[in-house]
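What follows is one structure encoded as structure tokens, with my remarks underneath.
The values are calculated or read from the model by the stated rules, or taken from the named source; none is laboratory data. Everything quoted here is computed from the prediction, not taken from an experiment. Don't worry about glycine lacking a Cβ; one is built from the backbone with ideal geometry, like all the others, and counts go over all protein chains shown. We work out accessible area using only protein heavy atoms, side chains counted, and drop any ligands, DNA or RNA first. Shrake-Rupley method; radii C 1.70, N 1.55, O 1.52, S 1.80 Å.
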Amino acid sequence: DADVFFGSLLFDYDQVEWLREKMEKIKTKFVFESALELMSETNVGTFEMKPGKDGAKAGPPPAVQKILKKFGSGKEEDKLVGYLSFLKIGPQLLRFIPGEKAKDLKNWLTVYAYWNQGGEKNV
């Protein structure tokens, strides 16, 4: 039994399906740069990346997507640059937004930032 799951770079279909089944009872899940089916299992408090009930794609909530658009030019090739910029400044910006969802999103962003910055200090 685990309380938290961390996963990254998981794309093999059989592995993804096996993991999804094993992760069902785990409350807090951090899944980065993996198959969309697995990334949609991400859940940190009230922040989750499940597809919307209206059939919308899995991913950050609409409010976060609007913020992400402010960090890029709108061109497809600039989306990654905007996303990385948001990862750097996002946790600091979110502290000014009240509510549990912002807190949980900030926690996800902070863990994601640490996850992407290797080295002994982050371990």
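The table for this structure:
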{"item": "Cβ-derived FRET efficiency at R0 22 Å, Glu48 paired with Lys22, nearest 0.05", "result": "0.75"}
{"item": "Largest-first ordering by accessible area, 1.4 Å probe, given options Val111, Val4, Val44", "result": "Val4, Val111, Val44"}
{"item": "Residue-normalised accessible area of the stretch 1-42, expressed per residue, 1.4 Å probe, Å²", "result": "68"}
{"item": "Over 26 Å between alpha carbons, listed pairs Lys66/Lys106; Lys66/Lys88; Lys25/Lys53; Lys25/Lys70; Lys66/Lys121; Lys27/Lys103", "result": "Lys25/Lys70; Lys66/Lys121"}
{"item": "For the stretch 1-47: rounded, prolate or oblate by the Cα gyration tensor [a/c cutoff 1.5]", "result": "oblate"}
{"item": "Gained length - Lys66 relative to Thr110, 0.36 nm times residue gap less alpha-carbon distance", "result": "13.9 nm"}
